[in-house]
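What follows is a short report on a single structure.
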Amino acid sequence: MRAMVPADNGTVGFAEVDDVSPAADEVVVEVAAYSMNRGETFQLERPRDDWRPGKDIAGRVVATVPDGPSVGTRVVAHLPHSGWAERVSVPVTQLAVLPDDVSFLEAAALPLAGLTALRLLRTAGSVIGRRILLTGASGGVGHYVTELAAAAGASVTAVVSSPARGERLLSIGAEALVYDVADAEGPFDLVLESVGGQSLPVALSKLAAGGQLIWFGEASRQPIELEFFSMFDGPENATIRHFHYTDGDDGADLATLVRLVGTDRLHPELGRIEDWSQTGAVLDALRNRRIRGNAVLTLSTEETVMKDPKSVVRDYVEAVAAGDLATIRASFAPDVVWTYPGDLPLSGEWKGRDTVVDEFLGAAAGSLFAPGEPVVITLTNLIADGDQVFAEWTAQATAQGGAAYDNKCGAVFTVRDGVIVAVREYLDTDHARRVLFPN
Ligand SMILES: NC(=O)c1ccc[n+]([C@@H]2O[C@H](COP(=O)([O-])OP(=O)(O)OC[C@H]3O[C@@H](n4cnc5c(N)ncnc54)[C@H](OP(=O)(O)O)[C@@H]3O)[C@@H](O)[C@H]2O)c1
């Protein structure tokens with residue numbers, strides 16, 4: 001069977017590997033989708049012999065055991081490793097059955113990040129009415145913690161690197177976003193810290209006396225430095241608790257997560273959905289903080305779904321913000337039409353992918369801004385209805401003449417079969433005229 005195996009420089013590639021040989025308590029699952037986690041990016045840097053990545057999978061049971069779900073049942077599973085493959089063997093204690101209304105994509109995003117969030121909050125105890133500071137909040141764990149804690153009555157302040165990375169957190173219950181942990185307004189009863197480096201000591205200083213900091217990661221890979229005496233300035237007698245998510249009954253906790261999704265109380269944030277041939281590129285995006293929530297990779301079974309229109313547009317705008325030309329180009333249908341408003345030199349219809357990417361977005365729009373100066377695009381809102389998606393974003397840049405361009409833009413994107421076929425853009429054309437076309 002085919003599987004993803006470790007390759008050079010922390011990435012992965014396809015390989016033929018031995019088919020699964022299940023133990024007496026294991027079912028065989030044909031994998032439809034899998035997710036990836038930051039911890040796996042670390043493990044891939046120094047892979048152990050005979051180890052393959054993959055802890056989060058969803059798929060269909062194709063061989064079973066007396067205590068297992070019947071053949072054909074849709075399941076989600078949490079594995080120790082080796083899940084990025086066509087088939088996996090899963091102990092019956094490590095899986096949960098999926099109801100029809102929970103998709104493979106949503107399910108694949110649940111295991112490690114969802115179990116971590118659930119168990120972090122259990123470790124914290126009751127959070128009703130408590131003030132929580134959550135660092136690294138834009139990732140997979142952060143989205144689940146935010147939604148679960150807010151629903152349980154907590155006030156969550158989320159630390160993210162940009163408004164776009166925090167937008168979804170606000171819609172699932174975060175009370176405040178800050179873009180630097182130093183700006184969080186404490187004191188907090190609980191800090192959930194997973195960035196390390198400078199972040200942990202600053203987050204700790206925001207804790208109320210006697211509060212608790214749960215230390216569950218070090219995404220920055222920077223060790224922390226703490227000063228005993230600084231604790232007297234606020235978090236006196238605080239508890240710092242190390243956390244590892246492995247304590248618990250995986251089958252029961254996966255079933256809880258599935259039930260919450262199925263009853264519309266937990267909403268996996270699928271920041272990127274790609275075919276599994278793109279696993280290497282998605283790993284790179286995860287490492288470089290370009291995935292919001294979870295990334296999900298799909299295998300070509302008849303049930304895997306095409307990327308939904310909202311994700312297509314989100315990925316496109318985020319690719320523009322990141323200058324990721326390959327994703328920008330791949331987002332458009334060959335015959336896309338972009339309609340730019342008003343009576344400016346750019347106004348009118350731009351037809352065809354190459355014209356849109358190279359002439360309109362590239363040469364024509366690009367030449368309006370000062371070379372070497374950043375063009376900052378920030379996605380602020382996304383609304384989807386069928387194949388139409390309305391996106392709002394802000395665009396800030398320096399015009400050729402040195403004037404500040406600062407516009408609020410919106411567009412209706414039409415998405416079919418996973419690509420953008422039409423865009424009708426709206427913006428303040430008067431501001432554009434004054435700043436970009438002063439003559
Ligand atoms: N202890 C456990 O049992 C356990 C279990 C699961 C996960 N973890 C840890 O928990 C953390 C969150 O996991 P996850 O799967 O949600 O990860 P993730 O999706 O990669 O999210 C981590 C977030 O941290 C933020 N971040 C801030 N500074 C960073 C830096 N220097 N490098 C990279 N990211 C940085 C990023 O958000 P912005 O770009 O918006 O700042 C990123 O979205 C990770 O550190 C992971 O290793 C621990």
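Before moving on, here are some points about what is shown:
- Using θ = phi - 60° in the Karplus curve 6.51 cos²θ - 1.76 cosθ + 1.60, the 3J(HN,Hα) couplings for segment 223-238 round to x, 9, 10, 10, 10, 3, 5, 5, 5, 5, 7, x, x, 4, 6, 5 Hz; x is entered for Gly and Pro.
- Within straight-line reach of Lys408, meaning a Cα separation under 26 Å, sit the following lysines at least 8 residues removed in sequence or on another chain: Lys310, Lys351.
- Overall form of the chain per C-alpha gyration tensor (a/c, 1.5; a/b vs b/c): oblate
- Per residue of the chain, the DSSP helices (runs of n ≥ 4 H) give a summed -39500 (n - 2.57) that works out to -7000 deg cm²/dmol at 222 nm.
- Net charge over other residues, Cβ less than 10 angstrom from the Cβ of Gly211 (K, R count +1; D, E count -1): +1
- Counted charge near Pro341, where neighbours are those whose Cβ lies closer than 15 Å (Asp, Glu -1; Lys, Arg +1): -3
- Span-like helix ranges in the chain, DSSP H, alpha carbon extent 15 angstrom or more, Kyte mean at least 0.0: 111-124, 140-151, 250-262, 309-322
- Among Leu299, Leu344, Leu270, the largest mean-square fluctuation in a Gaussian network model of the chain (Cα springs under 10 Å) belongs to Leu344.
- For Val376 and Ala151, a Förster radius of 35 Å and the Cβ-Cβ distance give a FRET efficiency of 0.55, rounded to the nearest 0.05.
- Cut-off 12 Å between beta-carbons: net charge of the residues surrounding Val435, Lys and Arg +1, Asp and Glu -1: -1
- Across the chain, the longest piece that holds none of the trypsin sites (Lys or Arg not before Pro) lying in DSSP loops with up to 13 other C-beta atoms within 10 Å covers 266-439.
- In this label model, Arg433 and Ala281 are separated by 4.0 nm, measuring between points 7 Å along each Cα→Cβ vector.
- Over the chain, Cα pairs under 8 Å with separation of 6+ residues give a relative contact order of 12 percent.
- When only Cα pairs below 8 angstrom with a gap of at least 6 residues are kept, segment 288-439 shows a relative contact order of 24 percent.
- Result for the chain in a Gaussian network model with C-alpha springs under 10 Å: among Ala403, Ala391, Ala154, the largest mean-square fluctuation is at Ala403.
- Our estimate of slack between Asp19 and Leu226, defined as 0.36 nm per intervening residue step minus the Cα-Cα distance, is 69.6 nm.
- Most fluctuating residue given options Pro371, Pro334, Pro163, as computed from a GNM of the chain linking Cα atoms under 10 Å: Pro371
Bear in mind these aren't lab numbers, they're just calculated from the coordinates by the rules spelled out. Owing to the predicted nature of the structure, the values given are computational and were not obtained by experimental measurement. Virtual Cβ from ideal backbone geometry, glycine too; neighbours counted across all protein chains shown.
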